[in-house]
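All remarks here apply to the structure that follows.
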Amino acid sequence: MSTQVPRYAHGAPLPTILEEGEIGASATFDSLSQPGLDGYPDACLAISGEAHPALVGRPETMITKFPAELLLKIFLDTLDRHRKGPRSTTKAGAINLLHLSHTSSRFRKLVINDPSLWAMVPFLNGVHPDFLLAILSRSQPLTFELAFREDETLLGEDRAWDQIVLNFRRVSRLHVEISEAHEGAKTKSLLYLDSPSLTHCTVYCMGAHAKQLNHSTPHILPFRNSAPLLRGIDLINCYLPIGRYLPSLSSFIICNAADSDVAPSIPISDLLQWGQSFASLTKLTLSNCIQPFVDLEAMYHLGPIPLPSLDFFFLEASPECCRQLGRIIRLRSTCSRSITVITSPDYYSNLADAATFAESVLSFIPTDLVYMECVLGMGDGYLTVRLVKTEGRRLAMSIRFNTDNLNVSLSIPSHHLLALHPITEKDLFLYQICHFLTTSLQPILPSISGAHLWFDHDSVAPHVFRNLLKAMQNVEVVTTRSSRTWANPLLLGLLSQDNVPGLKKIRVPFDEMLGPTTVQRLNGFLCSRGEVKEVAFSFQAEDTSLCPTVLEMWRKVDEIIKNLPDSVLFYCVSS
């Protein structure tokens, strides 16, 4: 049965009835309900003429006597807890705000007259148009964040959407999810509006295919080139042709997170249109979204892409894309970077391609820096080489090769493979990549004094990294990511006197894998390398699962070291 919302003239004493004109006088409890969102009942959106049921019949409580400033702070904190997710709980915040306004006449007056509260709760999915109009009206003139999903629950009435368009100049943050069944027409209608208040924009297209969000008229650019405050753009599974007039843009992310067989969507030629427009950019991520340039001569003629302020650059692309971008992007040497080479599942590499893979990343590694540490990792689908500068500002130069989709056909006799340990054609291909990296990086490797080894007990990584570690020449400290690494039978050969002549200290994680096999391997290593005089057991200070007390930890360490050489200094450090 419907509950009629009575008319209410301004100034009447009833505290919980909507003001005249906020919602139509004929609106009913049922008519204000829309399909539920995120598990909240439809009736929560109803605006009735009664106080919140939980408060009916209760006497005035102490909280209603709090100063107005304190009450508003409590209200704001309550709503803020509903804004942790991108879209999931804004509706719950709006419902809470309604409940607050139905608690007492004092609460209602505070809530209705404070725009900052209503600026925190705009939502579009499953909202009644009248309620949306009330939110937009009460939040004037403040900016607000807008998050919605373009799907069947998005409001369909033109008059309500027209109000969103009219108020878009007040949107400070935009987060949109576009369902796979929708093309994003409503989203595009917003993306090509003047956006004087917008500071961050995120668009995520769901499903297996990336969407192009271009305007139907080619010369019209996103935000009408009128977004002076825009600092961040995140595009996931979609592409938006960014213009040249975004003076405040500091973070730009384009990521194709859809199925790996979906072709990347952005030609390198589009990036070349940036020119000098991204002078203030400090973070750039291009993940599996770039198409290589076909006409290389034309690409080089268009000139470089200067990024003078960039602090971090993440690239995930094919070898050819990495090679081309490495030639046209200009990064300062103090820019940390992570370059990941990926291949499509249907591409087969031969041994000669190993040199191409290595060459594709070399232009991203500054040779004018002094590197002090190096990470050599193999596992979780990647071969990783990370060079770290530790003096002054810490910088990391990471290069990775994705091995999950790497298909290798070497067509060589099996006796060419190492016979003592199982090694695949893919492993030999990775060995060749490291061989070419070693040759090219030879001048900058001798400064490295610390090596970090990230691989498991059954990995062939010691074979793959042998030449690279040997070329470092001056490594004094070796750190393993897991104690299981010491159970690898190939590790002792990797850390031989010939490969690491200056080794003085090792760091071993004090973890749950530090068992008899590890201790036995460690003992064999220390006996063979008498010049290694220090062993540091590293532990996470906050992790008490292994040793609830410091005393128990020392007892376990003492149990371990009694089986190790007396000539070695053992101690624990917090990592």
List the residue pairs whose Cβ atoms are under 8 Å apart, where the first residue sits in region 260-285 and is at positive phi and modelled with pLDDT under 70, the second is open to solvent by 50 Å² or more (accessible area, probe 1.4 Å) and assigned to a loop (DSSP other than H, G, I, E, B), and the two are 6 or more positions apart or on different chains. GLY275/ARG244
Count - residues of region 175-213 that are touching a residue at least 60 places away in the same chain (Cβ under 8 Å), more than 23 Å from LEU142 (Cα to Cα) and open to solvent by 30 Å² or more (accessible area, probe 1.4 Å): 1
Check on GLY381, touching an Asp or Glu at 6+ places or on another chain (Cβ under 8 Å) and surrounded by fewer than 17 Cβ atoms within 10 Å (Cβ to Cβ): yes
For region 117-194, give me every one of the helices (runs of 4 or more DSSP H) that falls completely inside it and has 2 or more residues that are hydroxyl-bearing (Ser, Thr, Tyr). 185-191
Residues being modelled with pLDDT under 95, open to solvent by 40 Å² or more (accessible area, probe 1.4 Å) and within 21 Å of TYR239 (Cα to Cα): count how many of those fall in region 294-317. 1
Within region 226-247, how many residues turn out to be closer than 20 Å to ALA185 by Cα and either acidic (Asp, Glu) or surrounded by fewer than 16 Cβ atoms within 10 Å (Cβ to Cβ) (or both)? 2
Could you tell me whether any residue of region 521-532 is of a type outside the set (A, V, I, L, M, F, W, C), over 22 Å from ASP558 (Cβ atoms) and crowded, with 21+ Cβ neighbours inside 10 Å? no
When both residues are 6+ apart or on different chains and their Cβ atoms are under 7 Å apart, which pairs have a first residue that lies in region 466-495 and is among the basic types (Lys, Arg), and a second that is modelled with pLDDT of 90 or more and part of a strand (DSSP E or B)? ARG481/HIS452; ARG481/LEU453; ARG481/TRP454
Only one of (1) surrounded by fewer than 17 Cβ atoms within 10 Å (Cβ to Cβ); (2) β-branched (Val, Ile, Thr); (3) part of a helix (DSSP H, G or I) fails for VAL361. Which number is that? (1)
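The values are calculated or read from the model by the stated rules, or taken from the named source; none is laboratory data. What you see is a predicted model; the values in this text were computed from it and never measured. Quick reminder, even Gly has a Cβ in these numbers, built from the backbone with ideal geometry, and neighbours come from all protein chains shown. Only protein heavy atoms, including side chains, enter the accessible area calculation; ligands, DNA and RNA are left aside. Shrake-Rupley method; radii C 1.70, N 1.55, O 1.52, S 1.80 Å.
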